[in-house]
Each structure stands twice: as C-alpha cells, then as structure tokens.
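Once you've had a glance at the structure underneath, I'll fire off some questions.
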Amino acid sequence: MIPYGKQEITQQDIDGVVEVLQSDFLTQGPKVPEFEQALVEKTGAKYALAVNSATSALHIACLALGLGENDWLWTTPITFVASANCGLYCGARVDFVDIDSATYNMCPKKLEAKLVLAKANGTLPKIVVPVHLCGQPCDMQAISKLSKQYGFKVIEDASHAIGGKYRDQPIGSCEFSDITVFSFHPVKIITTAEGGAVVTNDKELAEKMALLRSHGITRDLDKMQGESHGGWYYQQIALGFNYRMTELQAALGVTQIKRLEAFIEARHRLANRYNELLQSLPLVLPYQLENTYSGLHLYVIRLKLNEINLSHSEVFDSLRNQGVGVNIHYIPVHTQPYYKAMGFTDGDFVESEKYYSDAISLPMFHTMTTEQQDTVVSVLTEILSR
Ligand SMILES: *Cc1c(COP(=O)(O)O)cnc(C)c1O
C-alpha cells in the first residue's frame, strides 16, 4: 500500500536520538531549548515552546488567552477534531464557520456575517482558530482585521503548514495572530514521533504557556509569593499539566527541522507533477491562494461526481483495493456524534459537507518516488474511466 503520508528517518535522525539516550537527560535537558530555538529561527516568532502534541499546544494556547466557561471558540468544520476540542477542554462552547469553496479554509466572508449576528446576540467568540488546511494559508489579513474589529483572539492551527509562507512571512511569524500551533505527528511535515509546539510574539502569553506546560510550577523568584525556602524551592502558582516534550523527541525535531526546506520543495515537486498528470481527469485540483506558499501537507482532489459513473466511496474503495492508500481529511467535526449531541445537525455547514462528499487526499510525502506517483495516477485514471 502506498501510504497517504509517511515520515522520513535518516541516519542523522537516529544518531541524534541515540546521542540523547546515552546522555544524562531523557527529559528537561538541552535538546528541547535547542529545538525551540530552531523553531524561533524558522518562524520568526519571538518565543517557541515545544510540547507533547498539537492537541496540548491548542489547550494551553486557549487557556493562556483566558478561554473559559461562557466563552465561545470558533473554528472550521473541516479540521481534525482537536482544533475544536481545545475549546471544550476549557469549558467553553464551540461553534464553526463554514469553508470557502476554493481554498477549503475558513471563509472570511462567512466569518464576518456570523460575527455580525453574534454581536447582535451577545455571543461573540473569544477565540477563533483558523486552520491552514493542507498547508494552504488562510486569508489571515482578513481574519486579523475582523479580530481587531470584533475583539477576538486568533490561534492559527498550523499543524499542516510549517515551512509555508503567507505574504512572504513564514507561517508561525504570528504577524496576524496571537499564537500559532504546530504538530509533529509522523504524518505531518516534520516529526518528533508525538509532539507539537506553540509560537508567539507575546512574552506574557509565552510565560503563561510555559507554566501550563509543566504543572503551573515556577522556580522564578519574581513570580513567587513570599520568600523562597531555599535552593530546592518551587511554587505552584497555576493549575498546569505535564505536556512536556522529551529530549528524545526534541532531538528528532532538531535534525528533522534542518531538512524542512528540502521536505517542502519535494512536496511542491510532487504536487506540481500531480497537477500536470491529473489535469484532464474529471477532478477539481488544489487551488492556491495568491501571495501564499503552501506547506503542502496534503494533496486533496475533488471528484466531479456528475462526470463519473462511480460514487465517492466506490472511488475511495477501488483506490485502496489497488494499493493506493488514500484518505479523507476531514469528516466535518460538527457531524461527529459528540458534537451532534450539542445540537449540531447535518446541513449546518453546507460547503463543508459538500467538500466531504467528494474530497480525497492522494498519497504525498517527501520520499515518494516517481514510480509510486505514476502508480497512483494510472490507478486513479483507470478507476475514473470505468
Ligand atoms: C494533527 C492535527 C492536530 C493534532 O495534532 P497532534 O499533534 O496529533 O495532537 C490538530 N489540528 C490539525 C489540523 C491536525 O492536522
């Protein structure tokens, strides 16, 4: 089976991890700060904190921005459930903004229309989480403008987008957001096995998230109440978690991030080749928003179902049966039973549901060979001609 995504582990990665295993620190040593420094350099953000997943990153980002009961968090239905669940972790309520039909990202016009209504109802969101689906940056300028107008905070879920650019700024620069979150799960662009990060330009937010990552405990005298009891002393000043990344994971991050540009270039070569080879098939191929450079985590095609004889699931199953490990990103979050129990129903977000009815993610990963890609193209071409 040709997988839809796959990590690349080289001898350099293995050597880095083995070196940590032979060192004094398996956790809380020098590798995590080294990885964080590399994230600062790649993104241009002032502060980076590595954590054990993007899910944890989203959670502490929401808490640092003060999300709580009676607040609203809005995101897109076409995302992994974690982009929405982070709101629920904080006791907030979650709602969605439908996608744009060309980019499949949160539509700024629909966001604005929803904000106008929410303002009238007194239900404006505290946080909006745009997701750079497939690595394609959202229209951040428009979202940022609305955030100032309506007073909400912005967390970019850039789990798909490290290495991409928006208006010549690296994704993660946080020029148009408060915090940006990354995932380093093995299917994503670079990996630390499990892992994630938050980046921000705001010192206060960075300090809050650092506390939340590690039990709410500080050893900083300036942050303590009263006097230190001695060299062993620490104080818990917030309710935090253990969301730390290990040294083994950070070592992997340090060597992986060195190859980030090469990974993204390889993905662009593959995507360009797909664009050429698939152009005459009954498909909608990915659209690229101007002034953006995608991280290209995913290559999503849309089936023109009225021009073919098979259904969406028949095309999907036929591809899988012939060794093409396609996937679907994503099942609209509001249609998940857990969200339906909160009152969402089919038909709430029409464009997202339409996308779900005909989208397929084709295999794409930086070590994919030309032969593998040719196999995907020929199998798909044959299936669509049935
Ligand atoms: C993968 C992913 C997450 C969660 O990442 P983890 O590191 O697995 O917690 C969140 N949001 C999006 C859009 C993702 O693709």
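Rounded to the nearest 0.05, what FRET efficiency do PHE25 and ASN309 give with R0 = 56 Å and r taken as the Cβ-Cβ distance? Could you check?
My answer for the efficiency is 0.40.
Shifting gears a bit: Nearest 10 degrees is fine. How inclined is helix 54-64 to the longest principal axis of the chain, computing both from alpha carbons?
Tilt relative to the chain: about 50 degrees.
Can you give the FRET efficiency for GLU34 and GLN225, using 1/(1 + (r/R0)^6), R0 = 41 Å, r = Cβ-Cβ distance, to the nearest 0.05?
For R0 = 41 Å, the calculated efficiency reads 0.80.
Follow-up. Expressed as an acute angle from 0 to 90° and rounded to the nearest 10, what is the orientation of the C-alpha long axis of helix 108-121 relative to the principal long axis of the chain?
Once rounded, the angle reads 60 degrees.
Taking the Cα centre of segment 116-168 as origin, work out the dipole magnitude from +1 charges on Lys and Arg Cβ and -1 charges on Asp and Glu Cβ, in debye rounded to 20.
Once rounded to the nearest 20, the dipole reads 240 debye.
Hey, fewest Cβ within 10 Å first, where do TRP232, TRP74 land in order?
Listed from fewest to most nearby Cβ atoms, that is TRP232, TRP74.
With a cut-off of 8 Å between alpha carbons and a minimum separation of six or more residues, what is the relative contact order of segment 244-386 in percent?
RCO, segment 244-386: 31 percent.
Given q = 0.08, 0.10 Å⁻¹, what are the Debye log10 I(q)/I(0) values for the chain, with equal point scatterers placed on the Cα positions and solvent ignored?
The Debye formula, applied to the Cα set alone, gives -0.43, -0.66.
Could you identify which residue out of MET364, MET140, MET224 has the top mean-square fluctuation in a GNM of the chain using Cα springs shorter than 10 Å?
The residue with the greatest mean-square fluctuation here is MET224.
Lysines within cross-link reach of LYS109: Cα-Cα under 23 Å, excluding same-chain residues under 8 positions apart?
Reachable lysines: LYS119, LYS126, LYS145, LYS148, LYS153, LYS165, LYS354.
Give the long-range amide H neighbours of GLY163: residues separated by 5 or more places, or on another chain, with amide H under 5 Å away, using H modelled in the peptide plane at 1.01 Å from N.
ILE171
Here's another thing I want to ask about it. What is the pair-distance distribution P(r) of segment 1-69, computed from all Cα-Cα distances in 5 Å bins starting at 0, with each bin given as a whole percent?
Once binned at 5 Å, the Cα pair distances of segment 1-69 give 3, 12, 13, 18, 21, 15, 10, 5, 2, 0.
In whole Å, what is the distance between the alpha-carbon centres of segment 1-74 and segment 247-273?
Taking the Cα centre of each part, segment 1-74 and segment 247-273 sit 14 Å apart.
What number, in percent, do you get for the relative contact order of the chain if the mean sequence gap of Cα pairs under 8 Å and at least 6 apart is divided by its residue count?
23 percent
Mean 1/r over all different Cα pairs, inverted: what Kirkwood radius does segment 135-286 give, in Å?
One decimal place: 18.4 Å for the Kirkwood radius.
Taking only Cα atoms, what is the 0 to 90° angle, nearest 10, from helix 11-21's long axis to the longest principal axis of the chain?
30 degrees
From the C-alpha gyration tensor of segment 199-320, pull out the three semi-axes of the equivalent ellipsoid (sqrt of 5λ each), sorted largest to smallest, in whole Å.
Ellipsoid semi-axes (Å, largest first): 50, 18, 15.
Also, quick follow-up: Ranking SER23, SER56, SER159 by Cβ neighbours within 10 Å, fewest first, what do you get?
Arranged by neighbour count, lowest to highest, SER23, SER56, SER159 become SER23, SER56, SER159.
Further question: May I ask you to list the GluC sites (Glu not before Pro) in segment 198-272 that are in a DSSP loop and have at most 12 other Cβ atoms within 10 Å of their Cβ?
The qualifying sites are GLU227.
Could you grab the relative contact order for segment 314-386? Cα pairs under 8 Å, six or more apart, rounded to a whole percent.
Across segment 314-386, relative contact order equals 40 percent.
Kindly put LYS6, LYS145, LYS114 in sequence by how many other C-beta atoms sit within 10 Å of each C-beta, fewest to most.
Ascending number of Cβ neighbours within 10 Å: LYS145, LYS6, LYS114.
Where a number appears in this text, it was derived from the coordinates with a stated rule and is not lab data. In this text the structure is predicted, and so the values were computed from the model without any measurement. Quick reminder, even Gly has a Cβ in these numbers, built from the backbone with ideal geometry, and neighbours come from all protein chains shown.
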